[in-house]
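The values are calculated or read from the model by the stated rules, or taken from the named source; none is laboratory data. What you see is a predicted model; the values in this text were computed from it and never measured. Using ideal geometry, Cβ is built from the backbone for each residue, glycine included, and neighbour counts are taken over all protein chains shown.
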């Protein structure tokens, strides 16, 4: 092997600079027993197929699925890296590849999956005499998959070098209707040479060119250049590392036609046949979203689809996973869908790579070394709440990753970096709709919060806050003094609403809204009234303070005495079964505020109805 090929990732997924023979783990387990295990898997056809959807931007439906196989769950060859490593060493690369395509093709047909099946073929299989177009056609026919529905992926750095040697094989594959995809485009030198030599139907941008696409102008420029190459060579471009919503949005703007990654859909034995409705954006950055557009503020969108390990995985196997995937920072430990803990890369490697770490722990189950008490949050938890929980939970020096669950079952892994980024985005969104005077959320975030609470069937209390006698005060003292009062009210409300789940919004003018979730909401409302009653005289001059108010004009122009400023609070406890939207809640709250204003001075009116009046 020449020095150039040694510097590149080989088709087993090893990182740059590490050839197969140098692998510290696979070489240790290749023996007669492992080869017998492989032969048994092939004979009994016990490979486990799984698929990840590839989204087509224009149609917003799956263009196809990327297939991959692993060994049986209880087998020492369950990891794909180990499985194919043993097959290559034992000269069974072609047999395993054909068996993999048989398993994938059979399930692809049985599940009625649409589009094309993408499969990345290993270098060893291409050079194996047992791999031929004729044998592949037989395999696909037996599996019930038409050859024109198969796309074989080749890694770019070997494609142009292999084209001459394998020219006859590629010609035979194309004659059957099988298409070729050039994988990892841009991850090494020779990209254009590979396109010229192979003339692929698909050009796949490597993960290294897609990770952080939204924040990297250089990667965006490379994607545009690749799209241009694709047009010139009549090839579709596939971005294979779309793992975050931000990268998906950027890929949409760039116009990359095919997208695949953790954010599009996870690898699953029974993948989605339709993509999530909210996966793609509905408008450009200048569109003005309504309440529903701010719906993606829960931790579900931060759940990175990291394939978990079982509690009985050996420490050596986990070390192999960390070694192969240099980007893997946190590994979830899950049993039958229930999350048990986390294994963090730095902590693990510090122990495993210590002087006697491998010898002492290599064969022990990973459950002995995992963090058994990580933070776990449900998928519908607001990101602001997760941020607070994570701060409270992370008292030590452990990286603040966390597990996301859906009904107690593992959904994904969240990271502090993603959380902070989302909180920042949310803050910017909130600022866009915030009241410029108080800085509090305005109508759209208020309505969104109420809609969220109704959808989640959570008990909460809405308190509509209104200033009494504010107009005559503003007329007499001027807008500057009036603004001072409004800011003082906003500050007072916030001071009494520091409990997790509380929300304070500014409807506009002298109207505010509070959402409470704690049972002591009424006590806190009474404190707000008492505090403001003590503050109010301080807004007036000595003369008006002595008189207990000021003289001004009413709406009819008559001279009327107006007492000190006061607050009217109207409270309602919406029943989600009676209130179909935030409109119903707003109507109830406005009615309650009106009843409160009928009382003199600082007052609280509690509406006992749980839903709005319906007109027959």
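What to note about this one:
- Taken over region 195-215, residues that are in contact (Cβ under 8 Å) with a residue 40 or more places away in the chain, farther than 19 Å from residue 246 by Cβ and either part of a helix (DSSP H, G or I) or not assigned by TED's automatic domain parsing to the domain that holds residue 239 (or both) amount to 2.
- Selection status of residue 218, farther than 23 Å from residue 132 by Cα, modelled with pLDDT under 90, assigned by TED's automatic domain parsing to the domain that holds residue 63 and not in a helix (DSSP H, G or I): no
- Single match in 485, 404 (criterion: more than 25 Å from residue 244 (Cβ to Cβ), buried (at least 18 other Cβ atoms within 10 Å of the Cβ), in contact with a strand residue (DSSP E or B) (Cβ under 9 Å, 6 or more places away or on another chain) and modelled with pLDDT of 85 or more): 485
- Test for residue 601: is it farther than 24 Å from residue 450 by Cα and part of a loop (DSSP other than H, G, I, E, B): yes
- Residue within region 178-186 that is surrounded by fewer than 15 Cβ atoms within 10 Å (Cβ to Cβ) and assigned by TED's automatic domain parsing to the domain that holds residue 153 present: no
- Hey, residue 550 in contact (Cβ under 8 Å) with a residue 12 or more places away in the chain and within 18 Å of residue 571 (Cα to Cα) or not: no
- Residue under evaluation residue 515, criteria (1) in contact (Cβ under 8 Å) with a residue 24 or more places away in the chain; (2) closer than 14 Å to residue 496 by Cβ; (3) out of contact with any helix residue (DSSP H, G or I) (no Cβ under 7 Å at 6 or more places or on another chain), criterion not met: (3)
- Top-ranked residue in region 246-260 [being in a loop (DSSP other than H, G, I, E, B) and surrounded by fewer than 24 Cβ atoms within 10 Å (Cβ to Cβ); ranked as modelled with the highest pLDDT]: 257
- Residue check, residue 392 at pLDDT 70 or above and either out of contact with any helix residue (DSSP H, G or I) (no Cβ under 8 Å at 6 or more places or on another chain) or more than 17 Å from residue 344 (Cα to Cα) (or both): no
- Looking across 487, 417, 465, 423, one residue alone is touching a helix residue (DSSP H, G or I) at 6+ places or on another chain (Cβ under 6 Å) and either under 30 Å from residue 601 (Cβ atoms) or assigned to a helix (DSSP H, G or I) (or both). It is 423.
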